[in-house]
Amino acid sequence: MLNEHEIKALLQGVISRSSGDETEVLFLGLDEALTRFANNEIHQNVAETNFSLAVSVALGKRIGMASTNDLSAAALDQLVERATQLARLQPENPDFPGFAPPTEFPKGRQAFDEATASATPEFRAHAVGEVIRYALDQDVVASGAFSTSRSQWAIATSHGLFAWHPLTLAKLTIVAMTETGSGYAADAAWEVAQIPVAKWGKIAVDKAIVSQNPRDIAPGDYPVVLEEAAVHDLVAFMGGGANGMSVTEGSSWMSGRQGQALFSPAITLVDDPDAPEHLPIPFDFEGTPRQPLSIIREGVVGDAFYNRQWAAKTGNAATGHGMPPINPFAPGSAMGRMMFPMHLTLQAGNTPIEQMIASIERGLYVTRFNYTRQVHPREMVVTGLTRDGTFWIENGEIAYPVKNLRFTQSYVEALQNVAAVGASLHREPGYAGFTRNPALQLAQFRFTGKTEF
Amino acid sequence: MKDLLAVALNQAQLLGADYADVRALTAREQSVNVRNGIVEGVGEMENAGFGVRVLVSGAWGFASSAILSSQEVERVTAEAIAIAKASAMYQRQRVYLGPPEVHQAIYRTPVEIDPFKIPIEDKIALLLEADRLMRAEAGIKVTQGSLVCLRKHQYFASSEGSAIEQEFFETGGAIMALAIANGEIQRRSYPNVFRDQHAEGWEFIQRLDLVGNAPRVGAEAVALLSAEQCPSTVTTLILDRTQLGLQIHESCGHPTELDRVFGTEAAYAGTSFLTPEKLKVFRYGSEIVNLTADATTPGGLGTFGYDDEGVPAQRVPLVRDGRFVGYLSSRETATQLAQLRGEDPALSRSGGAMRASGWNRIPIIRMTNINLEPGTWELEDLIADTDEGIYLETNKSWSIDNLRLNFLFGTELAYEIKGGKRGKLYKNATYTGMTPEFWGACDAICNAKAWGIWGVPNCGKGQPSQTAHTGHGAAPARFRNVRIGVMK
C-alpha cells in the first residue's frame with residue numbers, strides 16, 4: 001500500500017500532466033478481507049487489494065472525468081488525455097463551481113487502528129469460530145460475515161489542495177436460524193476490538209431460540225417497539241432524503257418543510273462526523289471539510305446537505321457530503337457528483353427498551369426490517385418486511401413470537417408517532433460505514449401483509 | 001496477461017492447492033449523464049486486476065489484486081492459500097466439485113456497432129434532445145438521461161486445464177421525467193429509471209429510440225399528477241413485459257439459486273422457499289407457466305460463453321408446465337444436490353450460473369437470463385378479454401421477503417381495464433401477493449411478438465457485495481385475483 005507522501009507525489013504528477021483550466025485528482029485505496037460463514041462453517045473467505053485514481057479536468061465549465069488503476073507513467077498520460085478529451089467534446093455545465101481551494105482541515109481524532117489493518121484470516125476465523133461453537137452447542141445454525149479493512153483517500157486540486165486520510169473499519173453481521181426461528185446481531189467500528197463478536201453471536205443465537213414456533217398474526221395497525229437495527233432503516237431513509245438536490249427540486253420529504261415542527265419533539269437526527277464512535281473523516285470526496293448537520297432538531301425539520309455544485313446553485317454552503325464522481329469500487333453506478341450522509345446518528349432519549357415493552361398493552365416488537373424500498377418519496381412511504389425475531393407484546397410483556405409481517409408505512413408519519421426513544425445507541429452497519437441508533441417506541445405502525453414464517 | 005495466469009496456477013499447486021482457478025480482467029466503462037438540460041457527468045473508467053481461487057483440504061480461499069505483476073500474483077496466490085487454510089479451521093464438509101470441466105475456448109459478445117466508436121458528442125446530443133423534449137411538457141420539474149457502455153475482457157484458467165478467453169460488451173440507456181405539483185411527485189421513465197441494458201452494441205440504443213419516446217414520457221408524468229389514486233381492491237392484473245421481467249427476477253430467479261437454498265446466503269440475501277424436496281413435484285405456477293435459465297439468449301445480460309468457473313453456457317428449465325423442475329447451480333452445489341437426492345455426485349454437472357461482478361469478487365450463483373416463455377395471446381386481445389382489471393407498466397418499487405414469497409411491487413403507470421378496454425389512468429399503483437399463488441393465477445401470456453429480453457444491471461447479492469447484470473425475457477401476462485392499491 002502506498003503511503004501519504006507517495007500518494008501526494010502521484011496526485012501532483014497527475015495534475016502536472018494536465019493542461020486543463022482546473023484539475024482534481026482523487027485516490028481511493030482499499031485492502032479488505034472478509035470471512036463469511038454459513039451452516040456453522042466458513043464457506044467464503046476473501047481478500048482484495050484495490051485502488052483507483054479518478055481525474056476530473058475542467059476546460060472552463062466543461063468537465064471530463066476518467067479513472068484507472070494502472071499507475072504507470074504512460075497510463076497516467078492517457079488518463080489525463082482522456083479526461084481532457086471528454087471535457088473538450090461537451091457543452092458547458094453552468095452550475096460548475098470550480099474545484100476545491102486549499103483548506104485547513106481540523107486535526108481531529110484518528111480512525112486508523114493497526115490491529116484492524118493487520119487482522120489475519122486466522123484472527124477472523126477464531127472470532128467467527130466462537131459464534132459457530134456457541135451455535136452448535138445450542139443446535140442453531142449460524143451465518144454471517146466478519147470483515148476488516150484499511151482504506152485511504154486522498155484528494156488534490158490544481159488550486160493547491162491536498163488532503164489525505166487513512167481509515168480502518170471492521171464489520172460484523174450474524175443471522176442465527178433454527179427450523180422456525182431466527183435471530184440477528186450486527187456491529188461496526190473503526191477498531192476491531194470494539195466489536196464483541198462472541199457477545200453478538202450469543203444474542204443472535206438466543207433470539208433464534210426464543211423466536212421459534214411463531215404464531216399467525218393479522219396485518220393491521222399496531223403500536224411497536226423497534227430495536228436499534230430496525231430504527232437504522234428509518235434513519236437511513238430519512239437521512240438520505242435530506243439530499244440538497246432533491247430538497248431543491250421538490251422531491252424530498254424535506255422540500256418546503258424546513259423550519260416546520262413536523263416530527264415528535266423527541267426526534268433529533270444529525271449527521272455529525274465528530275460524534276463519538278463515528279468515523280472521524282475530515283473531508284469529503286470533493287475536498288470540502290465535513291460539517292455537522294442537524295437534519296431534524298427536536299422535531300423541527302432542519303438542514304439539507306449539499307455538495308459543491310448544489311451549494312453554489314442554491315446559495316448554500318457546501319456541507320462536505322460529496323461522493324466520488326467515479327466510483328471505481330462500484331462499476332455500473334452513475335458517474336457524476338452525488339452526495340451522501342456518512343455519519344448519521346438519531347439521538348438517544350432516556351427510555352430503556354424494557355420500559356417501552358412494559359408500557360404497551362398489545363403491540364409488536366421488531367428486531368429488524370428486510371428488503372425495504374421507497375414506494376413514494378414525499379411522505380417517505382416505505383414497504384418491507386420484519387425479519388429475525390418479531391414478537392407479540394401483551395400486557396407489558398413479550399408474549400410469544402409471531403410470523404413476519406409486511407409493512408407499508410410513511411416514515412414521516414412514523415416519526416410523528418414517537419412514544420419513547422431508547423436510552424442507548426447501537427452501531428448498525430450500513431451503505432457507507434454505519435449509523436448510530438436508539439430503539440424507538442411508536443404509537444402506531446401499519447402492517448399490510450403477512451408471511452408463513 | 002496470460003503469463004500471469006500460469007504464474008498463479010503454478011504457485012497454487014506448489015503451495016498445496018487441490019484445485020485453483022484464476023481470472024484476469026480488464027474493464028472499460030463509459031458513462032454520459034444529463035440532468036435538467038445540463039451535461040452532469042461524462043466519464044470513462046478503466047480497471048484491471050486478477051483473482052485467484054483455491055481449494056486446500058477441501059476449503060476455499062480467494063484473494064485478488066489490482067497490481068498486475070508476477071511478484072504480486074505470487075503474493076496474492078499465497079494469500080489465497082493462507083485464507084483457505086483458515087477456512088479449513090471451521091469446515092464441516094469438504095468441497096467437492098464433481099467431474100472436471102476442461103475447456104479451451106474464445107467467446108465474444110456479437111456486436112453490430114461498437115458503442116465506444118460512437119462519438120461522445122453524438123451521445124450527448126441524443127440525451128440533450130430527449131431531455132429538451134421531456135422538458136417541453138409544462139409541469140415537468142426534473143429530467144434525466146443516461147447512456148452506458150461496457151467492455152470486459154477476461155481470461156480464465158484452471159488447474160484442471162481450462163483456458164478461456166471472453167470479451168463482453170453491454171450497452172444501456174434511459175430517460176426519466178419528474179412532474180411535481182402541490183406536494184404530489186410523479187415519475188415516468190423509459191425504458192425504466194435504472195435503464196435497460198443489453199449484451200449488444202450501439203444498435204440497441206438505436207432501437208430504444210430515446211428521443212422518439214421523450215415527449216410521451218414527459219406527457220405521461222404530467223398526466224399522472226392529476227390521475228386518480230389506484231384503488232385498493234382485489235382484481236385482475238395485466239403486467240407489461242418490463243414489470244413482469246422484475247417479477248420473474250425476484251420471485252423465480254432468486255429462489256431458484258441453489259446457494260440460497262443451501263443456506264449460504266442466509267445472512268444477507270436470505271434463503272428460499274424452493275427447498276430440494278420440492279424439486280420436480282412442487283406446483284410453482286399454472287400450467288401455462290414455463291421458466292428457463294438461458295445463458296444463450298441473444299442480447300441478454302446473462303448471456304456468455306462460459307461462466308466464471310469455466311462451465312459452458314446452458315439452457316436450464318426451472319419451471320415446466322407450472323411445475324418446479326430445476327435450479328441455478330454451481331459445480332459445488334450441483335454435487336451437494338446430487339448427494340441429497342441420492343444421485344451420484346461424480347456425475348453431477350453445474351448449470352453454469354457462477355458469476356463474479358469483477359476480478360475482485362469470488363464467483364457466486366447468479367441469474368443468467370431467466371425467461372418466461374411466450375404464450376399465445378395478442379396484447380390487445382388479452383385486454384379485450386378482460387372485463388374488469390388493471391394494466392400496470394414500468395417498475396417503481398420492489399420488495400420481497402427473504403424466502404421470496406411475499407412481494408409488493410409498485411409501478412409508474414396504471415390503467416383501469418373495463419369492459420375489455422383501457423380506461424382511466426391511476427397513480428401510485430401497487431400490487432402484492434405470494435409467489436406460488438400469484439403464478440398459479442396466471443391464465444394468459446402474450447405471444448412471441450410481444451416477447452422481449454429485459455436487462456437488470458443492478459442485482460445485489462453477496463458479502464462483500466456484488467452487483468450482477470441479469471436478463472429476463474417476458475411478454476405481457478394476466479393474473480387473476482391480485483390485491484392492488486396497498487399504500488396510504
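The values are calculated or read from the model by the stated rules, or taken from the named source; none is laboratory data. What you see is a predicted model; the values in this text were computed from it and never measured. In this analysis, Cβ positions are derived from the backbone assuming ideal geometry, glycine residues included, and neighbour counts consider all displayed protein chains. Note: areas computed on protein heavy atoms with side chains; ligands, DNA, RNA excluded. Shrake-Rupley method; radii C 1.70, N 1.55, O 1.52, S 1.80 Å.
Key figures
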item: Rounded if a/c under 1.5, otherwise prolate or oblate - chain B, Cα gyration tensor axes; result: oblate
item: Approximate shape of the range B:152-258 as ellipsoid semi-axes (Cα gyration tensor, √5λ), whole Å, largest first; result: 38, 21, 11
item: Solvent exposure ordering (accessible area, 1.4 Å, most first) of A:D233, A:D137; result: A:D137, A:D233
item: Prolate/oblate/rounded label for the range B:439-487 (Cα gyration tensor, a/c 1.5); result: oblate
item: Percent antiparallel among DSSP beta bridges (both partners in chain B, rounded to 5); result: 90
item: Net length gained if the chain between B:T376 and B:D321 were fully extended (0.36 nm per residue, minus Cα distance); result: 18.4 nm
item: By accessible area with a 1.4 Å probe, ligands and nucleic acids excluded, highest first: order of B:R135, B:R188, B:R355; result: B:R135, B:R355, B:R188
item: Which listed pairs, of A:K450/B:K461; B:K123/B:K396; B:K117/B:K152; A:K450/B:K280; A:K199/A:K403, have C-alpha distances above 19 Å, in listed order; result: A:K450/B:K461; B:K123/B:K396; A:K450/B:K280; A:K199/A:K403
item: Computed label-point distance, nm, for sites B:N36 and A:M1 using a 7 Å Cα→Cβ extension; result: 3.9
item: Relative packing of A:213-225, B:448-460, which averages over residues the other C-beta atoms within 10 Å, highest first; result: B:448-460, A:213-225
item: 3J(HN,Hα) from dihedral phi, the range A:391-403, Karplus parametrisation 6.51/-1.76/1.60, rounded to Hz, x for glycine, proline; result: 9, 8, 9, 9, 6, x, 9, 5, 8, 6, x, 10, 5
item: Per-peptide average of other Cβ atoms within 10 Å, ordering A:26-35, B:253-262, A:352-361 highest first; result: B:253-262, A:26-35, A:352-361
item: Cα→Cβ-extended label distance, 7 Å offset, between A:S118 and A:T180, nm; result: 5.1
item: log10 of Debye I(q)/I(0), alpha-carbon scatterers only, for the range B:229-484 at 0.10, 0.11, 0.13, 0.17 Å⁻¹; result: -0.47, -0.56, -0.78, -1.27
item: Convex hull volume per residue in cubic angstrom - Cα atoms of the range A:22-127; result: 193
item: Relative packing of peptides B:270-277, B:368-375, B:287-294 - highest average C-beta neighbours within 10 Å first; result: B:368-375, B:287-294, B:270-277
item: For the pair B and A, total buried accessible area rounded to nearest 100 Å², probe 1.4 Å; result: 7100
item: Interface residues, the range A:46-75 - accessible area loss of 50 Å² or more versus chain alone, probe 1.4 Å; result: A:V46, A:A47, A:E48, A:T49, A:N69
item: FRET efficiency for A:S19 and A:D139, using Cβ-Cβ distance with R0 set to 51 Å, rounded to 0.05; result: 0.15
item: Lys, Arg +1 and Asp, Glu -1 on Cβ, resulting dipole of the range A:220-450 about Cα centre, debye, nearest 20; result: 640
item: Within-11-Å neighbourhood charge of B:K396 [Cβ basis; K, R +1; D, E -1]; result: +2
item: B:E203 accessible area, assembled protein chains, probe 1.4 Å, Å²; result: 10
item: Stokes-Einstein D (µm²/s) once Rh is taken as the Kirkwood radius of the protein assembly as shown over alpha-carbon pairs, at 10 °C in 1.306 mPa s; result: 56
item: 10 Å Cβ neighbours from other chains, averaged over peptide A:126-139; result: 1
item: Per-residue average of Cβ from other chains inside 10 Å of A:83-91; result: 5
item: For residues of B:43-54, the mean tally of beta carbons on other chains within 10 Å; result: 6
item: Charge dipole (the range B:2-226, unit charges on Cβ, about Cα centre) - positive-most of B:A130, B:G218, B:Q104; result: B:G218
item: Average accessible surface area per residue within the range A:4-210, 1.4 Å rolling probe, Å²; result: 36
item: Estimated inter-spin distance, A:E81 and B:S57, nm [label 7 Å along Cα→Cβ]; result: 5.2
item: Cβ-Cβ FRET estimate between A:D216 and B:S226, R0 fixed at 45 Å, reported to 0.05; result: 0.65
item: Cα principal axis extents for chain A, largest first, Å; result: 72, 53, 36
item: Radius 10 Å from Cβ of A:S294, net charge of other residues (Lys, Arg +1; Asp, Glu -1); result: -3
